[in-house]
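Right, one structure below, let's go through it.
Rule-based calculations on the coordinates, nothing more; no lab input. Keep in mind the model is a prediction, meaning the values are calculated, not measured. Every residue, glycine among them, receives a Cβ derived from its backbone with ideal geometry; neighbour counts consider all protein chains shown.
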Amino acid sequence: MSNELNPMDKFRFLLGRWKLEYKVPKSQFNPGDSGEGEGEFKSILNKQYVTFEYHAKLSQGERAAQGIFAWDKKSKIYRYWWFEDSGEFNEATCDFIDENTLCLNWYNSILIQSFHKVEKGKVILLMKYPFSIDNYKTVLEVVLIKKK
């Protein structure tokens, strides 16, 4: 067995089932919203991928999506593919800036996203867009609370 570390092990803090609490501030992308949902991050296919699946009920309607994270050995970067029940899909590149924070840069947009573990069993997902040269505005905040 190889002593080489699996790059997908960095996702450990996200694995499991989560309660999702949505806050969508009013912005150029959305009139504002809030709601709840459930999601799960799973390691699959011999720990080579991590999937994220969620279902949420917001005041403007229900939403569901699935995503998959993978390590690109050639480029030495994580990749993410995202598929929504609306038929929308997107792709991002991502990396860990520390052991508790995963940052994503979305293709076809100027949005950035992060998952940050703030304490055991609690992760904050933030989606932001640039407001000025050194400032970003939040367009989505989701508090993830780990289920027992």
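Using +1 on the beta carbon of Lys and Arg, -1 on that of Asp and Glu, and nothing else charged, what's the dipole of the range 104-148 about the Cα centre, debye to 20?
About 420 debye.
Can you work out the Karplus-derived ³J(HN,Hα) for every residue in the range 14-29? Use 6.51 cos²θ - 1.76 cosθ + 1.60 with θ = phi - 60°, whole Hz, and x for glycine or proline.
Once rounded to whole Hz, the list reads 9, 5, x, 9, 9, 8, 10, 10, 9, 10, 10, x, 4, 7, 5, 9.
In debye to the nearest 20, how big a dipole does the chain give about its Cα centre with +1 on each Lys and Arg Cβ and -1 on each Asp and Glu Cβ?
It comes to approximately 420 debye.
Work out how far the C-alpha atoms of the chain reach from end to end along every principal axis, then list the three figures in whole Å, largest first.
For the chain, the Cα extents along the three principal axes come out at 53, 39, 33 Å.
Give the longest segment of the chain that steers clear of GluC sites (Glu not before Pro) in DSSP loops with at most 14 neighbouring Cβ atoms within 10 Å, not counting the sites themselves.
Result for the longest clean stretch: 5-87.
For the range 1-103, state which trypsin sites (Lys or Arg not before Pro) are in a DSSP loop and have at most 14 other beta carbons lying within 10 Å of their beta carbon.
26, 47, 73, 74, 76
Averaging sequence separations of C-alpha pairs under 8 Å and six or more residues apart, then dividing by the length of the chain, give the relative contact order as a whole percent.
Over the chain, the number comes to 19 percent.
Which pairs break 24 Å Cα to Cα here: 117/137; 10/57; 117/147?
Going by Cα-Cα distance, 10/57 fall outside the 24 Å limit.
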